[in-house]
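The structure follows.
The values are calculated or read from the model by the stated rules, or taken from the named source; none is laboratory data. Predicted model, so just to flag it, every value in this text is computed and none were measured. Ideal geometry is used to build each Cβ from the backbone, glycine not excepted, and the neighbour counts take in all protein chains shown. Note: accessible area is taken over every heavy atom of the protein model, side chains too, but ligands, DNA and RNA are not part of it. Shrake-Rupley method; radii C 1.70, N 1.55, O 1.52, S 1.80 Å.
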Amino acid sequence: MTLFPQQPTTPAQTRATTPTMASATPAGPSKDDLARARTLTDRIRARFADTLVGQTTLREALIVALVAGGHILIESVPGLAKTTAAQTLATSVSGTFKRVQCTPDLMPSDLVGTQVFDFSTQRFSTQIGPIHANFVLLDEINRSNAKTQSAMLEAMAEGATTIGGERIALPQPFMVIATENPIEEEGTFNLPEAQMDRFMIKAVMTYPSADEERRMLDMLSRRGSDMLDTSTPSHDAISLQDVQFLRAASRRVHASDAVMRYAVDLAATSRGAGTHPVQGLSSLVRLGASPRASIGLLRTGQARALLAGRDYVIPEDIKDFAHEVLRHRIILTFEALADGVSTDQVVDSIVEAVPVP
């Protein structure tokens, strides 16, 4: 038996209760948003011009990772200013910055924090660790042991840490900038695939040209110091609210179905699938990129479009960062490693095989 008889619904009520397509789809960034994004990122680039010579690819990778809301892994031999680049990005934003030098004896409590007994109050108090910062530089991350790497993985994946059973959220925005040295194997621990997959971008640095190296020496001579002073705040630094704005505006950049299919096709081709499979790829690739790679391609594409002043993604935005997004997610076979095949060569063949829409 119905206690309250149902009243007839009028067409006006039906229109009011039915969600419209406009409300379901967020509006893209306006012209003012695009202009503001360009101004903010130009200020970051200006900061890099004062501290770093060359390394344009690394600079853009750091800015794209910042705007896209992802973490970045930087790989290079010693002495190519990996730490300086990370510190430059951190000091260009008025947020907290911590640097952790990873070593084999680094424990999770050294990173996330621990509980300390206070004799005056007869209670435990929580002392948070250096990972509770807006920007965290993990220098030589592959030197930390597996237990510490698992603590890093929790922070990167969930945006929180656990200390004494208490879950503590990390400050927002939160970004991990990790570095690793590829030539040393003694005292190092390879990052597990699950943690590698949490890095949206992997940037590989190369040696500077002779002219760039000369300009670097000239800059150091004028500055009077070989070290970047991170204690002095930059007067032109952008705020944390500006970073949140850039990330929100990036997520609103429109990506068409064709662009999304292109990103999915690139990731699927690395797994031996896709619309245009690469012949002989199964003998080179033991494990292809996960669906998180297609997400990374889309997010970096949206960030690239925003930095270029567009409110829509073009295929070139996806293609330009295919190597940075895919290279650390593809695991080669032993035969490929023995033949000297690199993951960048595999990505080259994938990008060449998949047609641009």
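What Kirkwood hydrodynamic radius, in Å, does segment 31-112 give when the mean of 1/r is taken over all pairs of distinct Cα atoms and then inverted? Walk me through the numbers before you get to the answer.
Details: mean 1/r = 0.0692 Å⁻¹.
Kirkwood hydrodynamic radius for segment 31-112: 14.5 Å.
Give the accessible surface of segment 253-356 per residue, rounded to a whole number of Å², with probe radius 1.4 Å and ligands, DNA and RNA excluded.
On the way: 4670 Å² over 104 residues.
For segment 253-356, the per-residue accessible area is 45 Å².
Any chance you could count the Lys pairs in the chain whose alpha carbons are under 26 Å apart, treating pairs 8 or more apart or on different chains as valid?
Qualifying lysine pairs in the chain: 9.
Two decimals is fine: what is log10 I(q)/I(0) at q = 0.07, 0.09, 0.14 Å⁻¹ for the chain, from a Debye sum with one equal scatterer on every Cα and no solvent?
The calculated log intensity ratios at q = 0.07, 0.09, 0.14 Å⁻¹ are -0.37, -0.58, -1.24.
Take every DSSP beta bridge with both residues inside segment 52-221 and express the antiparallel ones as a percent of the total, to the nearest 5.
Details: 10 of 28 bridges.
Around 35 percent antiparallel, to the nearest 5.
Ordering Y207, Y312 by accessible area with a probe of 1.4 Å, largest first, what comes out?
Result of the area sort, largest leading: Y207, Y312.
With the full set of protein chains in place, find how many percent of the accessible area of segment 52-221 is carbon and sulfur; take the probe as 1.4 Å.
Numbers: 3830 of 7480 Å².
Solvent-exposed carbon and sulfur of segment 52-221 make up 51 percent of the total.
Once you put a point 7 Å from the Cα of F124 and another 7 Å from the Cα of E352, both along the Cβ direction, what distance in nm separates them?
Each label point lies 7 Å from its Cα, and together they span 5.8 nm.
Across the chain, where is the longest run that never hits GluC sites (Glu not before Pro) in a DSSP loop with at most 10 other C-beta atoms within 10 Å? Could the numbers behind the result be given before it?
Details: sites that count: E185, E186.
Segment 1-184 is the longest.
Leaving out ligands, DNA and RNA, and with a 1.4 Å probe, what % of the accessible surface on segment 253-356 is carbon or sulfur? Present the calculation step by step, with values, prior to reporting the outcome.
Working: 2560 of 4670 Å².
Solvent-exposed carbon and sulfur of segment 253-356 make up 55 percent of the total.
Next question, about the same structure. Convert each backbone phi in segment 207-219 into a coupling constant with the Karplus relation 6.51 cos²θ - 1.76 cosθ + 1.60 (shift: θ = phi - 60°), then list the ³J(HN,Hα) values in order as whole Hz, x for Gly and Pro.
With the stated coefficients, segment 207-219 comes to 5, x, 6, 4, 5, 5, 5, 5, 5, 5, 5, 5, 5 Hz.
Quick one: accessible area per residue over segment 52-221, 1.4 Å probe, rounded to a whole number of Å²?
On the way: 7480 Å² over 170 residues.
Spelled out: the 1.4 Å probe surface of segment 52-221, per residue, equals 44 Å².
How far, in nm, would the chain grow between R223 and Q279 when pulled straight, counting 0.36 nm per residue and subtracting the alpha carbon separation?
Working: separation 56, 0.36 × 56 = 20.16 nm, distance 5.32 nm.
Computed gain between R223 and Q279 is 14.8 nm.
Looking at the chain, send over the antiparallel percent of its DSSP beta bridges, to the nearest 5.
Details: 12 of 32 bridges.
The antiparallel fraction comes to roughly 40 percent.
With the cut-off at 23 Å, report for segment 52-221 the share of all Cα pairs above it, as a whole percent.
Numbers: 6088 of 14365 pairs.
It works out to 42 percent of all Cα pairs.
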